[in-house]
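The values are calculated or read from the model by the stated rules, or taken from the named source; none is laboratory data. Fair warning: this is a prediction, and the values are worked out from it, not measured in the lab. Methodologically, a virtual Cβ is constructed for each residue, glycine included, from the backbone with ideal geometry; neighbour enumeration extends over all protein chains shown.
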């Protein structure tokens, strides 16, 4: 009995020589999985979601709990920075615990420890960027508080009263 070949065009342009599955293609060229048959399990690309960094989020897709959180989030720059500082410290703390847990094992994995240390370095670099941004915001606030904006508001208010009266 002759085995049926996939026949799909490969990167080289030649026909694929792997054995075909029931639908006529190998598992590299569209055989095997056609996705879940149960419509409730169709989650778009959520099945492949690993960390959510590139996930698209729209307001109409938020849960009720997420909508409440969304409404509570401050857009004030200093409050945002303060939250980011706290999150950085929490991330570092968690990673330090992971290193500690790894070191307490019978055979600690130095590759895993190194990966966590690299991640800590990235978080610390992010925190340094936040510190610079915070400094910039503070400098901007000091520059704005020279009183000239208040004087301009007073002049405009006075002009509006004269125009109306």
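Scanning region 33-47 for residues that are assigned to a loop (DSSP other than H, G, I, E, B) and either modelled with pLDDT under 65 or loosely packed, with under 10 Cβ neighbours inside 10 Å (or both) yields 33, 34, 35, 37, 38, 42, 43. In a helix (DSSP H, G or I) and modelled with pLDDT under 85, is that true of residue 86? Answer is no for this residue.
Taking every residue in region 90-112 that is free of Cβ contacts under 8 Å to residues at least 60 places away in the same chain and pairing it with any residue that is surrounded by 12 or more Cβ atoms within 10 Å (Cβ to Cβ) and outside any helix (DSSP H, G or I), at least 6 positions away or on another chain, the pairs with Cβ-Cβ distances below 6 Å are 102/108. I'd like to check something: does region 103-118 contain any residue that is in a helix (DSSP H, G or I) and under 12 Å from residue 88 (Cα atoms)? No: zero hits. Screening residue 122 on (1) at pLDDT 90 or above; (2) over 25 Å from residue 57 (Cβ atoms); (3) in a helix (DSSP H, G or I) shows it passes everything except condition (2). Suppose the filter is surrounded by 11 or more Cβ atoms within 10 Å (Cβ to Cβ), more than 21 Å from the chain's Cα centre (by Cα) and assigned to a helix (DSSP H, G or I); does residue 95 pass it? The answer is no for residue 95.
The number of residues in region 5-16 being in a loop (DSSP other than H, G, I, E, B) and surrounded by 11 or more Cβ atoms within 10 Å (Cβ to Cβ) comes to 5.
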